[in-house]
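Heads up: the structure comes next, in structure tokens.
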Amino acid sequence: MEPFSGVKSASVTRAAAQRLQAEIYDKAGTAIWRHAVYDVLHGGWELACIGGREFLDTVATRSGLRSGTRVLDLGCGSGAACQYLSEKTGCWATGIEINKSQLRMAEERRSSSVGSLLSFYQGDVSHHPAPGKYDAVYQLDTFSLLPDFEAAIDAAHAATCETGMLFMADLVAGPHFDRKTEDLARELDGFLNLRPPAQIAGMLGVGGFSSVRSTDRTEQAIRCNSLMLDWLEDPPEALPAGVTSSLLTDWIRATRWYLERFEHGALGYYWWEAAHRASAP
Ligand SMILES: C[S@@+](CC[C@H](N)C(=O)[O-])C[C@H]1O[C@@H](n2cnc3c(N)ncnc32)[C@H](O)[C@@H]1O
């Protein structure tokens with residue numbers, strides 16, 4: 001999350017939003033992320049998302065991940081989700097990520113106890129020809145950042161085997177979404193594709209998926225932002241190294257804004273699951 005920059009939102013072009021995303025995820029290994037996000041929300045796992053382990057546990061159970069099965073993470077960030085799933089189920093896990101700093105963090109996981117099950121590639125998930133086919137493909141808080149949502153769904157479909165499933169967890173346009181929310185979300189975090197959840201479900205159908213199930217998990221986003229705010233507003237008296245009071249001020253402002261937008265219904269958070277059409281009942 002970045003401070004309110006005062007930049008007029010209309011001037012945040014697609015290219016500027018993508019530069020902002022790059023700046024943000026270049027810093028996703030820093031102390032404020034570790035303390036306010038990874039420790040507070042994800043038990044220390046470096047997950048830069050809301051869905052977290054609860055979503056990953058659902059992916060594992062619903063798609064029957066186990067030793068010998070293959071999962072693909074589109075926008076894998078630090079690779080923590082891949083490591084989590086391999087440790088939990090013994091599956092092969094592959095991640096695609098555009099950001100080099102994040103990819104470096106992911107590569108370090110190849111020396112973990114499940115390192116031989118992990119592989120990571122640098123690429124754009126909208127176009128990357130994923131090597132092979134996967135039993136489960138998922139994206140965790142990534143497609144809302146992409147300029148072309150449809151292309152990413154097509155790439156996800158191409159990567160899913162005929163009996164496979166797609167899972168997604170992401171921010172959406174809530175029932176009270178408006179232009180101001182869209183502009184500020186773009187200015188703060190580079191969001192380029194906040195869409196109504198029903199539209200996304202329709203796009204999955206057009207993109208070759210069936211049995212699409214959407215679940216409103218906005219309460220999870222409210223809980224996560226509240227927990228982060230509790231820590232940010234009442235950090236340890238001796239601030240952890242690398243956490244400055246000006247960073248705290250910026251993060252508090254942004255987190256309060258997101259919390260209020262989720263509570264108001266301007267933003268929402270959804271999970272989806274869908275079957276590759278060939279595997280539909
Ligand atoms: C909100 S973070 C989530 C990371 C990861 N899914 C997690 O839960 O920890 C979004 C990630 O998507 C990556 N990303 C953005 N655009 C991308 C693209 N076109 N292709 C691949 N990765 C992308 C960002 O660099 C960032 O690491």
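The values are calculated or read from the model by the stated rules, or taken from the named source; none is laboratory data. These numbers come from a predicted model, not from an experiment. Neighbour counts run over all protein chains shown; Cβ positions are idealised from the backbone, glycine included. Note: areas computed on protein heavy atoms with side chains; ligands, DNA, RNA excluded. Shrake-Rupley method; radii C 1.70, N 1.55, O 1.52, S 1.80 Å.
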> Can you tell me which residues in region 231-281 are among the hydroxyl-bearing types (Ser, Thr, Tyr) and outside any loop (DSSP other than H, G, I, E, B)?
Replying inline: SER245, SER246, THR249, THR255, TYR258, TYR269, TYR270, SER279
>> Quick check on region 54-62. Is at least one of its residues among the aromatic types (Phe, Trp, Tyr) and within 22 Å of ASP216 (Cβ to Cβ)?
In response: yes
> Any idea which of (1) under 27 Å from ALA274 (Cα atoms); (2) within 19 Å of the chain's Cα centre (by Cα); (3) open to solvent by 20 Å² or more (accessible area, probe 1.4 Å) is the one GLY205 doesn't satisfy?
Replying inline: (2)
> Quick check: anything in region 155-166 open to solvent by 10 Å² or more (accessible area, probe 1.4 Å), in contact with a helix residue (DSSP H, G or I) (Cβ under 6 Å, 6 or more places away or on another chain) and within 14 Å of the ligand (Cβ to nearest atom)?
Replying inline: no
> Name the pairs whose Cβ atoms lie under 9 Å apart, with the first residue in region 187-200 and farther than 17 Å from SER126 by Cα, the second charged (D, E, K, R) and open to solvent by 20 Å² or more (accessible area, probe 1.4 Å), and 6 or more positions between them or separate chains?
Replying inline: GLU187/GLU2; GLU187/LYS8; LEU188/GLU2; ASP189/GLU2; PRO197/ASP216
>> Conditions first: (1) touching a residue at least 60 places away in the same chain (Cβ under 8 Å); (2) in contact with a helix residue (DSSP H, G or I) (Cβ under 6 Å, 6 or more places away or on another chain). PHE120 passes all but one, so which condition is the exception?
In response: (1)
>> Among the listed residues ALA106, ALA48, ALA80, identify the single one that is in contact with a Phe, Trp or Tyr (Cβ under 6 Å, 6 or more places away or on another chain) and farther than 11 Å from PHE120 by Cα.
In response: ALA80
> Which residues, counting only those in region 181-194, are within 21 Å of TRP251 (Cβ to Cβ) and over 14 Å from the mean Cα position of the chain (by Cα)?
Replying inline: THR181, ASP183, LEU184, ALA185, ARG186, GLU187, LEU188
>> Restricting to region 136-152, name every residue that is away from the ligand (no atom under 13 Å from the Cβ) and either within 20 Å of ALA48 (Cα to Cα) or open to solvent by less than 30 Å² (accessible area, probe 1.4 Å) (or both).
In response: ALA136
>> Checking the condition more than 8 Å from the ligand (Cβ to nearest atom), under 15 Å from GLY164 (Cβ atoms) and modelled with pLDDT of 95 or more, which residue from LEU118, LEU74, LEU85 passes?
In response: LEU85
>> Can you pull out every residue in region 213-247 that is closer than 27 Å to GLY174 by Cα and open to solvent by less than 50 Å² (accessible area, probe 1.4 Å)?
In response: ARG217, THR218, GLN220, ALA221, ILE222, CYS224, ASN225, SER226, MET228, LEU229, TRP231, LEU232
>> Which pairs turn up if I take residues in region 24-36 that are within 13 Å of the ligand (Cβ to nearest atom) and look for partners that are open to solvent by 20 Å² or more (accessible area, probe 1.4 Å) and modelled with pLDDT under 95 with beta carbon separation below 7 Å, at least 6 apart in sequence or on another chain?
In response: ILE24/GLU2
> Which one is surrounded by the fewest Cβ atoms within 10 Å (Cβ to Cβ), of the residues in region 249-273 that are of a type in the set (Val, Ile, Thr) and in contact with a helix residue (DSSP H, G or I) (Cβ under 6 Å, 6 or more places away or on another chain)?
Replying inline: ILE252
